[in-house]
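Just so it is clear, none of the values below were taken in a lab; they were calculated from the coordinates. Quick caveat: nothing in here was measured; it's all calculated off a predicted structure. We place every Cβ from the backbone using ideal geometry, glycine too, and count neighbours over all the protein chains shown.
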Amino acid sequence: MDSKILCTADLHDSNLQKIRSFIDLHHVMSLATSDMQELSVCSLFYVYSSQRNSFIVASSDETTHVKHLQSNNQIAGNILLETSNVGKIQGLQFRGKMKLLHESSLEDLYFKRFPYAKVMKPKLWEIDVDFFKFTDNTLGFGKKIIWKDS
């Protein structure tokens with residue numbers, strides 16, 4: 001039996017709902033960027049908007065990953081459950097494009113989850129996701145759910 005399930009871009013797809021449930025259990029992602037000359041990876045707190053299928057993160061203009069966005073806004077990232085129990089391994093890889101956030105309702109969503117961040121007046125960014133690959137060993141060893149925006 002194939003361990004991959006291909007999904008459509010339907011935002012109400014049951015497999016996308018499984019991915020969203022995993023996302024909602026966590027709050028830190030690893031984010032990778034490149035300016036085509038160098039690579040960078042960082043860890044960021046996030047909040048996820050299921051209506052827009054996007055992550056909201058805070059970061060400053062001085063960071064390497066934000067500087068990379070000036071020439072290349074394509075990103076990749078992951079969220080994982082850290083465990084040594086192979087049967088409980090879960091992890092999400094994603095790709096998308098990162099841009100400056102312009103929607104106040106998404107700002108409110110971020111500051112509701114991280115109210116202490118508001119005093120720092122951070123610059124907020126939106127990651128529009130176009131690909132998810134969710135590995136979930138609780139569904140069977142190596143079980144993968146793949147979602148692509150068409």
For this session: Let me know the charge dipole size of the range 4-148 about its Cα centre in debye, to the nearest 20, where only the beta-carbon of Lys, Arg (+1) and Asp, Glu (-1) is charged.
Result: 340 debye
Seminar exercise, completed: Rounded to a whole number, the Stokes-Einstein D of the range 72-150 in µm²/s (Kirkwood radius over Cα pairs; 4 °C; 1.567 mPa s) is 88 µm²/s
Exercise. Once you treat every alpha carbon in the range 4-148 as an equal point and sum by Debye, what is log10 I(q)/I(0) at q = 0.10, 0.15, 0.17 Å⁻¹?
Worked result: -0.35, -0.78, -0.98
Exercise. Relative to the compact globular guide of 2.2 N^0.38 Å, what is the alpha carbon radius of gyration of the range 16-56, as a ratio?
Worked result: 1.38
